[in-house]
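Since the structure comes first, as structure tokens, the remarks are kept for the end.
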Amino acid sequence: MAGVLYGIGVGPGDPECMTLKAVRLIREMDIIAAPGEDVRETTAYTIALQAVPEMAGKELLPIRMPMVMDRAFMKEYHRKGAEEIAGKLAEGKNVGFITLGDPTVYSTFSYIEKTVKDMGYQTAYISGIPSFCAAAAAMGIPLAEWRESLHIIPAVHSPERRLDEEGNYVFMKSGRKINIVKEMLRESGRHAVMVENCGMPNEKRYYGVDEIPDDAGYFAIIIAK
């Protein structure tokens, strides 16, 4: 019997935010995979290890994913990663691909999963708490109420735009585009807050556009209402 590939969301940063299902499946996995050169150095592994210490004894499979914007270049790395995982599945081993937040939201796993599934292997998504939900909870604000819409924007891929649609906005992966996002927010007149490294020991909170620093990190979530 071939193994199964699981995309396991480990939540935003706090190991106590991991689901019972994620913890159970990580314990059951034969192999733990994660994007990066060394699984042990990834943020997802650091989070999960605190909730599942026995993960330290498992076989690890790094899936190399350079941070570039070239889609064709990335597609080749996705293919290579899928082939590495498929080789383990063919041996009858179950692989848990751990990912920050939820694997259905801007996750590398989705690209790998499609290719592995096309190869004829079984795959599954294991949901986790998304970072923007955790950030809203940390700030004590609702993301959407009554008839409000919620717009999720990957800031790193978004050109400058007007925020004139009804509802609230969430900007993910804001770090490299933070100045553009801040200018959009000022022009829109919306109230914005930001949580950086939500749920992690170095978490920081900002309560207005003018408080948001120009050197925000990659794990920066902005909520604009």
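Under the condition of being among the aliphatic types (A, V, I, L, M) and closer than 25 Å to Ala44 by Cβ, which residue from region 194-215 is surrounded by the most Cβ atoms within 10 Å (Cβ to Cβ)?
Here the answer is Met194.
The residue that is nearest to the chain's Cα centre (by Cα), counting only those in region 8-41 that are farther than 17 Å from Ser127 by Cα and in contact (Cβ under 8 Å) with a residue 12 or more places away in the chain, is Pro35.
In this structure, does Glu41 turn out to be over 25 Å from Met172 (Cα atoms), charged (D, E, K, R) and modelled with pLDDT of 95 or more?
In short, no.
Rundown of residues vs (1) closer than 17 Å to Tyr206 by Cβ; (2) assigned by TED's automatic domain parsing to the domain that holds Tyr106; (3) under 17 Å from the mean Cα position of the chain (by Cα), yes/no style:
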position	(1), (2), (3)
Ala136	yes, no, yes
Met139	yes, no, no
Ala144	no, no, no
Leu150	no, no, no
Asp164	no, no, no
Val170	yes, no, yes
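Identify all residues within region 160-193 that are surrounded by fewer than 18 Cβ atoms within 10 Å (Cβ to Cβ) and part of a helix (DSSP H, G or I); write none if there are none.
Selection gives Gly175, Arg176, Asn179, Ile180, Glu183, Arg186, Glu187, Ser188.
Of all residues in region 96-131, those satisfying the criterion of being aliphatic (A, V, I, L, M) and either closer than 25 Å to Phe219 by Cβ or part of a helix (DSSP H, G or I) (or both) are Ile98, Leu100, Val105, Ile112, Val116, Ile126, Ile129.
With respect to (1) assigned to a strand (DSSP E or B); (2) more than 20 Å from Asp210 (Cβ to Cβ), the lone exception for Glu145 is condition (1). Examine region 70-83 for a residue that is part of a loop (DSSP other than H, G, I, E, B), of a type outside the set (S, T, N, Q), in contact with a Pro (Cβ under 7 Å, 6 or more places away or on another chain) and not assigned by TED's automatic domain parsing to the domain that holds Pro201, and state whether such a residue exists. Scanning region 70-83 turns up no residue that is part of a loop (DSSP other than H, G, I, E, B), of a type outside the set (S, T, N, Q), in contact with a Pro (Cβ under 7 Å, 6 or more places away or on another chain) and not assigned by TED's automatic domain parsing to the domain that holds Pro201.
What are the residues in region 53-87 that are under 30 Å from Glu16 (Cβ atoms), over 18 Å from the mean Cα position of the chain (by Cα) and not aliphatic (A, V, I, L, M), if any? Answer for region 53-87, where residues must be under 30 Å from Glu16 (Cβ atoms), over 18 Å from the mean Cα position of the chain (by Cα) and not aliphatic (A, V, I, L, M): Pro53, Glu54, Gly57, Lys58, Glu59. Can we say Val156 is assigned to a helix (DSSP H, G or I), assigned by TED's automatic domain parsing to the domain that holds Cys198 and within 19 Å of Met65 (Cβ to Cβ)? For Val156, the condition - assigned to a helix (DSSP H, G or I), assigned by TED's automatic domain parsing to the domain that holds Cys198 and within 19 Å of Met65 (Cβ to Cβ) - is met.
Residue-wise test of (1) without any contact (Cβ under 8 Å) to a residue 24 or more places away in the chain; (2) within 24 Å of Ala22 (Cα to Cα); (3) in contact with a Lys or Arg (Cβ under 6 Å, 6 or more places away or on another chain).
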site	(1), (2), (3)
Ala155	no, no, yes
Glu165	yes, no, no
Ser174	no, no, no
Cys198	no, yes, no
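Per this entry, Ala72 is counted among residues that are small (Gly, Ala, Ser) and at pLDDT below 95.
The values are calculated or read from the model by the stated rules, or taken from the named source; none is laboratory data. Everything numeric here is computed off the predicted structure, so don't read it as measured data. We place every Cβ from the backbone using ideal geometry, glycine too, and count neighbours over all the protein chains shown.
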